[in-house]
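The values are calculated or read from the model by the stated rules, or taken from the named source; none is laboratory data. No experiment lies behind these values; they were computed from the predicted model shown. No Cβ is skipped: glycine too gets one built from the backbone with ideal geometry, and neighbour counts run over all protein chains shown. All accessible areas refer to the heavy atoms of the entire protein, side chains included, with ligands and DNA or RNA removed. Shrake-Rupley method; radii C 1.70, N 1.55, O 1.52, S 1.80 Å.
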Amino acid sequence: MKGEAGRMQHSDKPKQEGHIWGSMKRTAFILGSGLLLLVAFWNSVTCLHPETSMTSLPRHLQRFWGASGYFWQAQWERLLSTFEGKEWALYIIGATQVPVLFFWAFNGLLLVVDTTGKPNFISRYRIQVGKNEPVDAEKLRQSVRTVLFNQCVISLPMLVFLYPILKLRGDPCRRELPTFHWFLLELAIFTLIEEVLFYYSHRLLHHPAFYKKIHKKHHEWTAPIGVISLYAHPIEHVVSNMLPVMVGPLIMGSHLSSITTWFSLALITTTISHCGYHLPFLPSPEFHDYHHLKFNQCYGVLGVLDHLHGTDTVFKQTKAYERHILLLGFTPLSESIPDALKKME
């Protein structure tokens with residue numbers, strides 16, 4: 001019996017390794033194909049004739065960008081004149097202070113709801129009903145201290161260190177702003193890179209060798225709130241929060257305007273994913289909220305790699321998956337798509 005069991009375990013291991021390797025090959029193929037499609041789309045938008053009658057969103061955005069381009073270029077040149085000889089200070093403000101301002105402004109509003117339960121218009125969209133009503137004050141204070149530590153002691157030095165490296169790739173404070181088409185392409189590439197790096201680093205942190213000592217800290221919040229998006233062990237903050245977002249601009253040699261916009265969007269997006277409320281007209285946070293609830297599902301950002309690796313199969317059988325949509329009305333999805341138990345009652 002022991003010999004048979006040993007043979008079974010030995011034969012299962014190659015199958016498992018083959019499954020993982022096959023998933024990774026499919027991942028590379030799909031992401032590569034997606035990137036080629038994005039480049040083709042970018043080229044098609046770039047090559048549009050000015051007089052072409054086009055009603056698509058990219059065309060309207062292109063017109064808006066062209067009409068306001070001179071304005072933004074003039075404002076940027078004014079900033080460069082103000083910080084002449086001190087471009088590094090302009091970089092610090094753009095890469096660190098502006099995104100942090102957006103982060104705390106948005107989270108400040110959410111914290112009012114988390115701590116008071118008001119206004120009811122927002123609190124009624126809570127995903128895990130009955131959790132954090134209100135949020136534990138001491139636990140919140142501890143989390144805010146950790147977030148501030150990560151931002152000031154880890155993120156700030158990393159972004160300062162990034163500046164001379166970016167200068168080798170192309171001055172981030174160069175005089176000419178990126179074109180609309182180039183910014184669109186950058187944003188697409190940043191998103192793909194973040195998806196790959198975050199998924200695999202996040203899944204690695206769930207390995208027993210790392211989970212208890214590192215990642216468990218973040219999972220103290222089984223019902224997350226916005227501010228804990230950056231509540232993490234320092235090692236996790238570097239590997240899984242910072243690097244996936246920083247690598248894209250480094251590879252592309254991005255302009256400060258692109259970096260500021262991307263970092264701000266990344267912080268707002270991760271806040272929404274952790275906020276605990278499925279609010280109208282905002283991206284659905286159901287995917288990552290379910291990860292905090294169950295731990296072993298939904299590791300990624302977009303869900304592409306979870307689908308390829310089968311780490312969303314349980315999630316797809318839940319009501320949370322049915323609610324994982326953009327809410328275009330004002331009726332909470334917990335009411336329009338209630339849990340099975342509530343429907344029976």
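Overview of values
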{"read-out": "Label-point gap, in nm, between Lys86 and Asn296 - each point 7 angstrom along Cα→Cβ", "value": "5.5 nm"}
{"read-out": "J(HN,Hα) series, the range 259-273, from Karplus relation 6.51 cos²θ - 1.76 cosθ + 1.60, nearest Hz, glycine and proline x", "value": "5, 4, 4, 5, 4, 5, 4, 4, 5, 5, 5, 5, 5, 4, 4"}
{"read-out": "Charge tally in the Cβ shell below 15 Å around Phe295, where Lys, Arg are +1 and Asp, Glu are -1, Phe295 excluded", "value": "0"}
{"read-out": "Karplus (6.51, -1.76, 1.60) ³J(HN,Hα), θ = phi - 60°, over the range 187-201, in Hz, Gly and Pro reported as x", "value": "4, 5, 5, 4, 5, 5, 5, 4, 4, 5, 5, 5, 4, 6, 5"}
{"read-out": "Efficiency of FRET from Cβ geometry, Ala137 and Glu335, R₀ 25 Å, rounded to 0.05", "value": "0.30"}
{"read-out": "Cross-link table Lys131/Lys316; Lys139/Lys212; Lys118/Lys212; Lys167/Lys217; Lys139/Lys294; Lys217/Lys319, entries beyond 29 Å C-alpha to C-alpha", "value": "Lys118/Lys212; Lys167/Lys217"}
{"read-out": "Efficiency of FRET from Cβ geometry, Leu109 and Gln75, R₀ 25 Å, rounded to 0.05", "value": "0.35"}
{"read-out": "Estimated FRET transfer efficiency (Arg175, Val98; beta-carbon r; R0 25 Å; 0.05)", "value": "0.80"}
{"read-out": "Local electrostatic count at Val245 - Lys and Arg +1, Asp and Glu -1, tallied over other residues with Cβ under 14 Å", "value": "-4"}
{"read-out": "Extension reserve of the Lys212-Arg124 stretch, reckoned as 0.36 nm per residue once the Cα distance is removed", "value": "28.3 nm"}
{"read-out": "Residue-normalised accessible area of the range 204-319, given per residue in Å² at a 1.4 Å probe", "value": "36 Å²"}
{"read-out": "Net charge over other residues, Cβ less than 12 angstrom from the Cβ of Lys167 (K, R count +1; D, E count -1)", "value": "0"}
